[in-house]
1. Please give the contour-minus-distance gain from E117 to D14: 0.36 nm per residue of separation, less the Cα-Cα distance, rounded to one decimal in nm.
2. Give me log10 I(q)/I(0) at q = 0.17, 0.27, 0.32 Å⁻¹ for segment 4-51, Debye formula, one equal scatterer per alpha-carbon, no solvent.
3. Within 12 Å, Cβ to Cβ, of Y38, how many net charges do the neighbouring residues add up to if Lys/Arg are +1 and Asp/Glu are -1?
4. Once you place label points 7 Å from the Cα toward the Cβ at N68 and R53, how far apart are they in nm?
5. Which pairs break 24 Å Cα to Cα here: K57/K112; K47/K104; K2/K22; K57/K118; K22/K112?
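Every read-out reported here was derived from the displayed coordinates using simple, explicitly stated rules and does not represent laboratory data. This structure is a prediction, so every number in the text was calculated from the model and none was measured. All Cβ positions, even for glycine, are placed from backbone atoms using ideal geometry, and neighbour counts span all protein chains on display.
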Amino acid sequence: MKTDTERDFLNVVDTYSHIIYKICYVYAVDEDNLKDLYQETVINLWKGYASFRGTAKISSWIYRVGINTCISYYRQDRKYRNKVDLAKAGEVYEDHSERTEQLKEMYRLINKLDKMEKAMILLWLDEKSYD
């Protein structure tokens, strides 16, 4: 039986899964890595959920936790450092529309940036302040 906190958290993850996915996708090197990053981000969100004070938008908090999780993940796991090959990126998307192809190319190029540039681009794409 789930508590109210657990239900609330699952609703937040469901509502903002697109943000979590987008952050992880930009830092991922392949589909398995994307899944690992997504899982690590959700775990870290859960760990910090009780201490979220609500002084900022929840989406801003999710961005911060997601970006920090991805950066920390690569600091700890040297095998992924400087690896930017997203040749399998097409497997993540089901359709092959022109827009999807453009998004894949954009994410492939973003993935070549350093950690802080990626974070800044993600925030800019969603019209968030870099503060």
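1. Working: separation 103, 0.36 × 103 = 37.08 nm, distance 2.71 nm.
Contour length minus the Cα-Cα distance gives 34.4 nm.
2. With one equal scatterer per Cα and no solvent, log10 I(q)/I(0) is -0.49, -0.99, -1.17.
3. Once positives and negatives cancel, what remains is -2.
4. Each label point is offset 7 Å from its Cα along the Cβ direction, giving 1.3 nm.
5. With Cα atoms farther than 24 Å apart: K57/K112; K47/K104; K2/K22.
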